[in-house]
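Asks: Quick one: the structure is below, and I'll ask about it shortly.
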Amino acid sequence: MPEPVAIDSCELKLVDPERVRAVQASLPEADVVDALAEVFGLLSDPNRLRLLASLLEGGELCVCDLAAAAGMAESTTSHALRLLRAHRVVKARRAGRMMHYSLRDGHVRMLLDVALEHVRHADTAGPEAQR
């Protein structure tokens, strides 16, 4: 659990110190926050997002099909997939000499679905909804 910030160290008075304490107590552990930041860091690259969106739509795909679907070179695709696999975002299945990739689990699929829905909603919402 993160170390609580001393309430009296702030020059401003707190409006709701009990709520601040409750929020501090419910924050995730530092290592969990670090792992979450890593996942979001992986998702911050447009090439990796194209690969993940391709897997979201196409299901399991071999590297060459995935590269073509995402509009990327196979070497760039392979490098990105190694990184995504190392961080347990995608999984691989060997079929002879071919590697087939898919999203690791439903959590990854849900994270991508929610993020896409958020972006699409923000694009269609009026200026009032974007504030």
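Asks: Tell me whether the stretch 54-64 contains one or more residues that are in a loop (DSSP other than H, G, I, E, B), farther than 18 Å from L111 by Cα and either out of contact with any Asp or Glu (no Cβ under 6 Å at 6 or more places or on another chain) or assigned by TED's automatic domain parsing to the domain that holds V114 (or both).
Replies: So the first thing to find is which residues in the stretch 54-64 are in a loop (DSSP other than H, G, I, E, B), and the list is 59-60.
Those left that are additionally farther than 18 Å from L111 by Cα: none.
No, there is no match, as no residue in the stretch 54-64 is in a loop (DSSP other than H, G, I, E, B), farther than 18 Å from L111 by Cα and either out of contact with any Asp or Glu (no Cβ under 6 Å at 6 or more places or on another chain) or assigned by TED's automatic domain parsing to the domain that holds V114 (or both).
Yes or no, residue by residue, for (1) touching a Ser or Thr at 6+ places or on another chain (Cβ under 6 Å); (2) within 23 Å of D113 (Cα to Cα); (3) in a helix (DSSP H, G or I):
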| position | (1), (2), (3) |
| --- | --- |
| A22 | no, no, yes |
| T77 | no, yes, yes |
| L84 | no, yes, yes |
| M99 | no, no, no |
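Asks: Something else about it: From the list S26, S54, exactly one residue is without any contact (Cβ under 8 Å) to a residue 60 or more places away in the chain and buried (at least 17 other Cβ atoms within 10 Å of the Cβ). Which is it?
Replies: Details: S26 fails: buried (at least 17 other Cβ atoms within 10 Å of the Cβ).
Of the residues listed, the single one that is without any contact (Cβ under 8 Å) to a residue 60 or more places away in the chain and buried (at least 17 other Cβ atoms within 10 Å of the Cβ) is S54.
Asks: Let me ask something else about it. When R109 is evaluated against the numbered criteria (1) basic (K, R); (2) touching a strand residue (DSSP E or B) at 6+ places or on another chain (Cβ under 6 Å); (3) in a loop (DSSP other than H, G, I, E, B), which criterion, by number, is the only one it fails?
Replies: (3)
Asks: Of the numbered conditions (1) under 23 Å from the mean Cα position of the chain (by Cα); (2) among the acidic types (D, E); (3) modelled with pLDDT under 95, E60 fails exactly one; give the number of that condition.
Replies: Against the list (1) under 23 Å from the mean Cα position of the chain (by Cα); (2) among the acidic types (D, E); (3) modelled with pLDDT under 95, E60 comes up short only on (3).
Asks: Could I ask something else about it? Any residue at all in the stretch 20-34 that's hydroxyl-bearing (S, T, Y) and touching an Asp or Glu at 6+ places or on another chain (Cβ under 6 Å)?
Replies: No, there is no match, as no residue in the stretch 20-34 is hydroxyl-bearing (S, T, Y) and touching an Asp or Glu at 6+ places or on another chain (Cβ under 6 Å).
Asks: Another one. Only one residue in L103, L83 is surrounded by 12 or more Cβ atoms within 10 Å (Cβ to Cβ) and touching a helix residue (DSSP H, G or I) at 6+ places or on another chain (Cβ under 6 Å), so which one is that?
Replies: Values: L83 fails: touching a helix residue (DSSP H, G or I) at 6+ places or on another chain (Cβ under 6 Å).
Only one candidate passes the filter, namely L103.
Asks: Taking the options L43, L36, L55, name whichever one is at pLDDT 95 or above, under 17 Å from the mean Cα position of the chain (by Cα), under 25 Å from S102 (Cα atoms) and hydrophobic (A, V, I, L, M, F, W, C).
Replies: L55
Asks: For the stretch 59-80, how many residues are surrounded by 13 or more Cβ atoms within 10 Å (Cβ to Cβ) and of a type in the set (G, A, S)?
Replies: 6
Asks: Further, regarding this structure: On the basis of being in the same structural domain as V108 (by TED's automatic domain parsing), exposed (fewer than 15 other Cβ atoms within 10 Å of the Cβ) and within 18 Å of the chain's Cα centre (by Cα), does R88 make the cut?
Replies: Criteria met by R88.
Asks: Has the stretch 90-97 got at least one residue that is assigned to a helix (DSSP H, G or I) and within 20 Å of E38 (Cβ to Cβ)?
Replies: no
The values are calculated or read from the model by the stated rules, or taken from the named source; none is laboratory data. Everything quoted here is computed from the prediction, not taken from an experiment. FYI the Cβ positions are ideal-geometry reconstructions off the backbone, even for glycines, and counts take in every protein chain you see.
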